[in-house]
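To start, the structure under review is shown below, and the notes come after it.
Read-outs: derived from the displayed coordinates by stated rules, not from any lab. Owing to the predicted nature of the structure, the values given are computational and were not obtained by experimental measurement. Cβ placement follows ideal geometry from the backbone for every residue including glycine, while neighbour counts extend to all protein chains displayed.
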Amino acid sequence: MMSENAVKLTLSPYEYHAVMCVGKSCGENMPLLKYMKEAVRKAGLDQGEAAVRVNRAGCLGVCDQGPIMVIYPGGVWYSALNEAKIDKIISSHFKCGEPVAEWVFHAQDQ
Ligand code: FES
């Protein structure tokens with residue numbers, strides 16, 4: 001239950017929430033995170049109802065075959081990311097709702 005004194009926060013609408021690990025074992029991949037944010041923007045998915053919210057995490061607890069990213073809804077986890085994979089994830093997963101199965105190593109809803 002929310003307190004009457006709680007500050008009301010607001011978020012812009014979004015369809016997907018992608019959290020990319022930039023932890024040490026995943027290569028501290030800030031350039032890849034920056035690439036993804038820019039690719040999402042170029043795809044027109046940075047705002048509106050179909051937007052993709054992109055955030056980073058220090059470690060997602062799967063410190064192997066990084067960079068790692070998890071996408072909600074669905075809890076879909078990708079490994080060994082690179083720029084080409086990001087492009088395909090944007091065109092298939094975010095734009096068509098079809099996760100790129102060959103790179104998914106875990107999905108919460110399966
Ligand atoms: S450092 Fe990336 S999952 Fe742990």
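Of note:
- Enumeration of residues in segment 1-38 that are hydrophobic (A, V, I, L, M, F, W, C) and either assigned to a strand (DSSP E or B) or within 16 Å of the ligand (Cβ to nearest atom) (or both): Ala18, Val19, Met20, Cys21, Val22, Cys26, Met30, Leu32, Leu33, Met36
- Some residue of segment 67-75 being touching a strand residue (DSSP E or B) at 6+ places or on another chain (Cβ under 8 Å), of a type in the set (Phe, Trp, Tyr) and crowded, with 17+ Cβ neighbours inside 10 Å: no
- Leu81 vs. criteria within 15 Å of the ligand (Cβ to nearest atom), surrounded by 13 or more Cβ atoms within 10 Å (Cβ to Cβ) and in contact (Cβ under 8 Å) with a residue 60 or more places away in the chain: yes
- Residue, nearest to the ligand (Cβ to nearest atom), within segment 63-78, restricted to residues that are assigned to a strand (DSSP E or B) and touching a Pro at 6+ places or on another chain (Cβ under 9 Å): Tyr78
- Segment 39-62, subset outside any loop (DSSP other than H, G, I, E, B) and touching a strand residue (DSSP E or B) at 6+ places or on another chain (Cβ under 6 Å), residue nearest to Lys24 (Cα to Cα): Ala57
- Residue within segment 45-64 that is among the aliphatic types (A, V, I, L, M), more than 11 Å from the chain's Cα centre (by Cα) and surrounded by fewer than 13 Cβ atoms within 10 Å (Cβ to Cβ) present: no
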